[in-house]
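The values are calculated or read from the model by the stated rules, or taken from the named source; none is laboratory data. These numbers were taken from a predicted model, which means no experiment stands behind them. As a convention, Cβ positions derive from the backbone with ideal geometry for all residues, glycine included, and neighbour counts pool all protein chains shown.
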Amino acid sequence: MRKIFICLFLVIVLIFINLVIKNPVGLYDEKYSIFIHRLPLEKYFVVDSVGFILGLRKFVSDIAWIQLLQYYGGSAPEEHCCSEGICFTEDVCHAEDYFEHITKIQPGKYKRFIDYCRRVVILDPLYSYVYFYGVGSLAWNLERPDEALELVDIGLRNLEFQKEDANSDYWELVKYQQAIYYKLGGKYLEMIDKLKEIVDAGKAPNMVKAILANLYKKYGRYEEALLIWEELLLSGDPEYVERAKKQILQLKKLIEQKI
Amino acid sequence: MENLFKISFFSLKENLKTKLYLVFLLFSFALIFIGLLLTGLSGFEQPQRVLLNTGIAMIELFCLILVLLNSVELFLQDVETKSIYIVLSKPISRTKYVLGKYFGMLLTVIVSIFIMSIFHLLLIKISKWYVSKEYFFTIFCIFLKMCIVSSITLFAVVSMTSRSVAAIVSTLLWIAGHFTNELMFIIKKIKVDVVKYFFKFFYYIIPNFQLLNLKDFFDNQYFVSQFSLLKALLYTCVYSSVFLFLTCFVFKDKDL
């Protein structure tokens, strides 16, 4: 009898402590539940689930992030880059100056890019950089603003707790949303201004900076484009160093011609 | 008290002497180092985050394996080699023996966390990055989790006297403890009242490891500001005490 009472007492203690001390963070409330979102990439389901149940959510999200970069950096051979019904061969798609024209071609390429992004942010809903990178790529590189807006919505839902802070990633994402709406409305100059605001805030990925520089160049604002490419060159990012060198030379010539 | 210290330090020495410990420690170094290689794969996109998270995850994973295997092995080894009789034949109570083993395990965890953190910090330093004070809170929270897991494993091994069953029970509780919010989500979907109350009871009994999972949000100031180290400490103390009490309770009447 004594043993039963002791066990009962201990059970009550455990229930009491669990009722009193609730998760102070509330990070994994229903909004972030893995069951609601359903992991989007079936082939990684086991890895993601194992990481999740072992409490290594953030670590697995980093693996997912690297896989996203590899997917986006890879050739995606099953797809072609097409623009306005004209499809290009793979060598054209991957020509060195390909990224300069990337805003014009290849809607339909990297079809599962948004799924890769969704996978990362389901595993780590607070990973703001993925929203910035994903939205930037979808809206301006892959020409899929609808999907970009979908990712913005996910981000705004997940980062809602930052709403009070004007300098937070939440409001940074709102800027991306506004820029996309300007793009959809054909207001390109306003879109460029918004992108400038995003770049000036200092949280933008280098890819977004390159997009802005390309847009400046397209609209004849060579000096501003030059400044961004110089900044990218200084950053030392191997992805952009060579292109920055080329662009700087080109832009300097264009500025001279302009004068 | 002196006896308790002696058993704890003896247990620490025993833990550190095992080949298994050395192998796991080297393996964890290798895994933390893999974090550095992964940063290469992420290129210029968030490499610091990758290195930090990989290291922290590996420290926790290694500690978990260490606690599970050592807690199970050392107690049963004492019984099998009959060295437990030598200890208990001296004026040492069974409670002190259990507590000594437990604190010895915690000392081993502290030593391991210290060594691995130094190695991890070294890699971060080499990469010319830095860590904030939240990193150390996160490491401390890993230790708190291990305090609970160690007490649960000790209870499981003493009450079940089976290596595999004890390890499986502890692992399942570790998983369930990280799954509490999802468990609540499932509970809300259940329509049969009896099943619902059963799961609810289970939900309130198992340790909620998410409460101590600072590593999932240590880089977010908003959540860190809401995290209470005092509450986490209290939670750990209560859970560890309950399971240690149960272990002593079972061990007292156990025929060896």
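Considering only the range B:204-217, I want to know if a residue exists there that is touching a residue at least 40 places away in the same chain (Cβ under 8 Å) and of a type in the set (D, E, K, R).
Yes: one or more hits.
Just give me the residues in the range B:119-143 being closer than 13 Å to residue B:233 by Cα and out of contact with any Phe, Trp or Tyr (no Cβ under 8 Å at 6 or more places or on another chain), in sequence order.
Across the range B:119-143, the qualifying residues are B:140, B:141, B:142, B:143.
Pick out the one residue from B:16, B:38 that is of a type outside the set (Asp, Glu), within 22 Å of residue B:110 (Cβ to Cβ) and part of a helix (DSSP H, G or I).
Details: B:38 fails: within 22 Å of residue B:110 (Cβ to Cβ).
That would be B:16, the only listed residue that is of a type outside the set (Asp, Glu), within 22 Å of residue B:110 (Cβ to Cβ) and part of a helix (DSSP H, G or I).
Would it be correct to say that residue B:222 is facing chain A (nearest Cβ under 8 Å) and either outside any helix (DSSP H, G or I) or over 26 Å from residue A:62 (Cα atoms) (or both)? Please lay out each step first, then the result.
Working: facing chain A (nearest Cβ under 8 Å): yes; either outside any helix (DSSP H, G or I) or over 26 Å from residue A:62 (Cα atoms) (or both): no.
It is false that residue B:222 is facing chain A (nearest Cβ under 8 Å) and either outside any helix (DSSP H, G or I) or over 26 Å from residue A:62 (Cα atoms) (or both).
Inspect the range B:187-202 for any residue being more than 30 Å from residue A:161 (Cα to Cα), in a helix (DSSP H, G or I) and at the interface with chain A (Cβ under 9 Å from one of its Cβ atoms) and give the result as yes or no.
Yes, that holds for at least one residue.
Every residue in the range B:236-256 that is surrounded by fewer than 19 Cβ atoms within 10 Å (Cβ to Cβ) and polar (S, T, N, Q), please.
Across the range B:236-256, the qualifying residue is only B:241.
Is it the case that residue A:134 is more than 11 Å from chain B (Cβ to nearest Cβ), touching a Phe, Trp or Tyr at 6+ places or on another chain (Cβ under 9 Å), within 17 Å of residue A:209 (Cα to Cα) and touching a residue at least 12 places away in the same chain (Cβ under 8 Å)? Break it down into steps so the answer makes sense when it comes.
Numbers: more than 11 Å from chain B (Cβ to nearest Cβ): yes; touching a Phe, Trp or Tyr at 6+ places or on another chain (Cβ under 9 Å): yes; within 17 Å of residue A:209 (Cα to Cα): yes; touching a residue at least 12 places away in the same chain (Cβ under 8 Å): yes.
So residue A:134 fits the description; yes.
Tally time: how many residues in the range B:25-74 are closer than 23 Å to residue B:168 by Cβ and under 12 Å from the mean Cα position of the chain (by Cα)?
12
Check B:211, B:233, B:154, B:172 and return the single one that is surrounded by 21 or more Cβ atoms within 10 Å (Cβ to Cβ), in a helix (DSSP H, G or I) and more than 9 Å from chain A (Cβ to nearest Cβ).
When all the criteria are applied, what remains is B:154.
Based on this model, can you work out whether residue A:20 counts as surrounded by fewer than 18 Cβ atoms within 10 Å (Cβ to Cβ), modelled with pLDDT of 80 or more and either more than 9 Å from chain B (Cβ to nearest Cβ) or more than 18 Å from residue B:38 (Cβ to Cβ) (or both)?
So residue A:20 does not fit the description; no.
Filter the range A:181-210 down to residues that are over 14 Å from the mean Cα position of the chain (by Cα) and in contact (Cβ under 8 Å) with a residue 40 or more places away in the chain and give me whichever is surrounded by the fewest Cβ atoms within 10 Å (Cβ to Cβ).
If we take residues in the range A:181-210 being over 14 Å from the mean Cα position of the chain (by Cα) and in contact (Cβ under 8 Å) with a residue 40 or more places away in the chain, then A:183 is surrounded by the fewest Cβ atoms within 10 Å (Cβ to Cβ).
Go through B:68, B:106, B:52 for me and flag whichever is within 14 Å of another protein chain (Cβ to nearest Cβ), in contact (Cβ under 8 Å) with a residue 40 or more places away in the chain and closer than 21 Å to residue B:237 by Cα.
Values: B:106 fails: within 14 Å of another protein chain (Cβ to nearest Cβ); B:52 fails: closer than 21 Å to residue B:237 by Cα.
Testing whether each residue is within 14 Å of another protein chain (Cβ to nearest Cβ), in contact (Cβ under 8 Å) with a residue 40 or more places away in the chain and closer than 21 Å to residue B:237 by Cα leaves just B:68.
Residues that are modelled with pLDDT under 75: which helices (runs of 4 or more DSSP H) entirely in the range A:24-142 hold 1 or more of them?
Here the list reads A:34-37, A:90-93.
Can you say whether residue B:113 is β-branched (Val, Ile, Thr) and more than 13 Å from the chain's Cα centre (by Cα), as far as the supplied structure shows? Don't jump to the end; show me each part of the working.
Details: β-branched (Val, Ile, Thr): yes; more than 13 Å from the chain's Cα centre (by Cα): no.
The answer is no for residue B:113.
If I go through the range B:32-50 residue by residue, how many of them are closer than 11 Å to residue A:62 by Cβ and aliphatic (A, V, I, L, M)?
Residues that pass the stated criteria total 3.
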